[in-house]
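We did not get these values from a lab; they are worked out from the coordinates using the rules stated. Treat the numbers as computed from the prediction; the structure is a model and nothing was measured. Neighbour counts run over all protein chains shown; Cβ positions are idealised from the backbone, glycine included.
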Amino acid sequence: MKKKKDEITIRSSAAEYLTYVASVGNQQDSIEMRYEDENIWLTQKMMATLYDVSTNTINYHIKKIFKDSELQEDSVIRKFRITAADGKSYSTNHYSLEMIIAVGFKVNSERAVQFRKWVNQIAKDYTIKGWVMDDERLKRGTYLTEKYFDEQLERIREIRAS
């Protein structure tokens, strides 16, 4: 079954990286989202691939987000070393999930629209129900430890006891 261009597939992995593949069908368009310190980090180039826009567009929106004081640079940028196609290692700016989401609300592309629809559904569910649950992730158990479930049960106990 052929995937639509704007779908994104998540490959489950126990490695240090979450690997997301933009389903245009080739390895050049895959995005390795770095997962570290309970956050997801992308470069501008990775965000451009994710939202199917140019790196210049991503850069423009990041600068505007900082100019408008929507986010602060020191809290959403972190340098990581990456190995480029030439085999050399470079220290490169990566942007946190907060920035990835903020950029998703600024860019104008089919993928960004799909992303905003998904976020709006999450916000709607949270506003109406007071909670949101990622059923598929819970079923797979990917990246969830016993501590995660213990924390959830403790929160439920606290709510019920109040």
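Can you compute the FRET efficiency between Arg157 and Arg116 using 1/(1 + (r/R0)^6), with r the Cβ-Cβ distance and R0 = 41 Å? Round to the nearest 0.05. Please report the intermediate quantities before stating the final value.
Working: r = 35 Å, r/R0 = 0.86.
With R0 = 41 Å, the Cβ-Cβ based efficiency is 0.70.
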Legend entry - Sequence-separation-based contact order of segment 80-154, relative, with Cα cut under 8 Å and 6+ spacing, percent: 12 percent
Inset, instruction - Enumerate lysine pairs in segment 46-162 that are 8 or more residues apart or on different chains, then count those whose Cα atoms are under 23 Å apart. - result: 14
Legend entry - Cα radius of gyration and Dmax for segment 69-162 (Å): 18.5, 59
